[in-house]
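Report on the following structure.
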Amino acid sequence: MSAVPVEHVDELPVFEESVAGCTRCRLSQGRTQVVFGAGNPHADLMFVGEAPGFHEDKQGLPFVGQAGKLLEKLLAQIGMQRSDVYIANVLKCRPPGNRDPQPDEIEACESHLFRQIELIEPMVVATLGNFATKLLSGRQVGITRVHGQEQQTTIGSRSVMLYPLYHPAAALYTPAMLTVLSEDFARLPQLLGRSLEPPATVVEPELKLVAATEQLGLF
C-alpha cells in the first residue's frame, strides 16, 4: 500500500490549473504561460530556482535550457534523474529580459511556492541561487556564504531540510564553480538518507555560454 497521501497528489494538478490564470503581478501581462513546476509529485527532493527564462516561458516547463541540462548531469552524478525530483521556481512567470525578480513580484508569487511544498511534502528543498535561498530561509544572506550548509526550517506548514546550492547557471558564467557545485550535490544522497555512491569525477559542462540577458542574481 502506498504511503503517499493520495489526496495531496490529486490536489497538485488542481492547484496548477488554478495558478495558470494568475494575475497577481505585472508579469502576467507579458508571459506566454505560467511555468508552474514539473516532476515527481511526491518527490523527497525538490529544487527551487529563480524564475523562468525564455525557453521555459515557451515550453511551460522549468529548467529546460542550458542550466537545466547541467542540473540533469549533476543529478546523474548522484544516481538520480529528473523524474525522481520536483523542480519549481520562486516566480512562475518570466521577468522581461530575464531581469531579477522584484520584491513585489516575489511577494505576490510566494504563496504558490509554499503551497507546492505543502502538497509535494519533500524531505529536502534545495534552493538554487540567491533569490530562492533568501526567500525560503528568511535570511538575507547570500548563497556564497551558505551554500552546502543544510538547515531545518518551516516553509508554510511544512518542516523541511533546506539545502542552499549555487544556481547551475553560475557554472556557465564561472566554470570554476562547477567543482563546488558538484561537491555540494554529492552530499544530497546523505541528506536524503540514501546510500548512493556518486562518481569521483566532476561533470564537464558541455554547454554554451549563457547569454548576457540571463538572470544575474545567482551569486
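The values are calculated or read from the model by the stated rules, or taken from the named source; none is laboratory data. Please read all numbers here as calculations on a predicted model, not as lab measurements. Ideal geometry is used to build each Cβ from the backbone, glycine not excepted, and the neighbour counts take in all protein chains shown. Quick note on the areas: whole protein, heavy atoms, side chains included, nothing else; ligands and nucleic acids left out. Shrake-Rupley method; radii C 1.70, N 1.55, O 1.52, S 1.80 Å.
Among the residues of the stretch 164-185, which ones are of a type in the set (Phe, Trp, Tyr) and within 15 Å of the chain's Cα centre (by Cα)?
Residues satisfying the conditions are Tyr166, Phe185.
Residue by residue, here is whether (1) open to solvent by 10 Å² or more (accessible area, probe 1.4 Å); (2) acidic (Asp, Glu) holds:
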| residue | (1), (2) |
| --- | --- |
| Gln81 | yes, no |
| Lys92 | no, no |
| Pro96 | yes, no |
| Glu110 | yes, yes |
| Glu118 | yes, yes |
| Glu121 | yes, yes |
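Surrounded by fewer than 20 Cβ atoms within 10 Å (Cβ to Cβ) and at pLDDT 85 or above: does that describe Gln151?
yes
Would you please list the contacts, defined by Cβ atoms under 9 Å and residues six or more apart or on different chains, that run from a residue in the stretch 145-159 that is closer than 14 Å to Lys134 by Cα to a residue that is among the charged types (D, E, K, R)?
That search, which allows pairs on different chains as well, returns Val146/Arg139; His147/Asp184; Glu150/Arg187; Ile155/Glu118.
Name every residue in the stretch 63-103 that is touching a Gly at 6+ places or on another chain (Cβ under 6 Å) and part of a loop (DSSP other than H, G, I, E, B), in order of residue number.
Correct list: Gly65, Val85, Asp100.
So, Pro101, is that one more than 14 Å from the chain's Cα centre (by Cα) and either open to solvent by 10 Å² or more (accessible area, probe 1.4 Å) or at pLDDT 95 or above (or both) or not?
yes
Give the stretch 123-145 a look and list any residue that's assigned to a helix (DSSP H, G or I) and surrounded by fewer than 20 Cβ atoms within 10 Å (Cβ to Cβ), or say none.
Answer for the stretch 123-145, where residues must be assigned to a helix (DSSP H, G or I) and surrounded by fewer than 20 Cβ atoms within 10 Å (Cβ to Cβ): Ser137, Thr144, Arg145.
Restricting to the stretch 20-51, name every residue that is more than 27 Å from Leu192 (Cα to Cα), without any contact (Cβ under 8 Å) to a residue 60 or more places away in the chain and in a loop (DSSP other than H, G, I, E, B).
If the condition is that a residue be more than 27 Å from Leu192 (Cα to Cα), without any contact (Cβ under 8 Å) to a residue 60 or more places away in the chain and in a loop (DSSP other than H, G, I, E, B), then Ala20, Gly21, Thr23, Gln33, Val34 are the ones that fit.
Matching residues to (1) at pLDDT 95 or above; (2) surrounded by 20 or more Cβ atoms within 10 Å (Cβ to Cβ):
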position	(1), (2)
Ser2	no, no
Glu7	no, no
Asp10	no, no
Ala20	yes, no
Arg26	yes, no
Thr32	yes, no
Phe36	yes, yes
Leu45	yes, yes
Pro52	yes, yes
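Let me confirm something: among Val90, Val124, which residue is touching a Phe, Trp or Tyr at 6+ places or on another chain (Cβ under 6 Å) and within 21 Å of Val19 (Cβ to Cβ)?
Val90
On the given criteria, is Ala169 farther than 25 Å from Arg24 by Cα, at pLDDT 95 or above and open to solvent by less than 60 Å² (accessible area, probe 1.4 Å)?
No, not satisfied.
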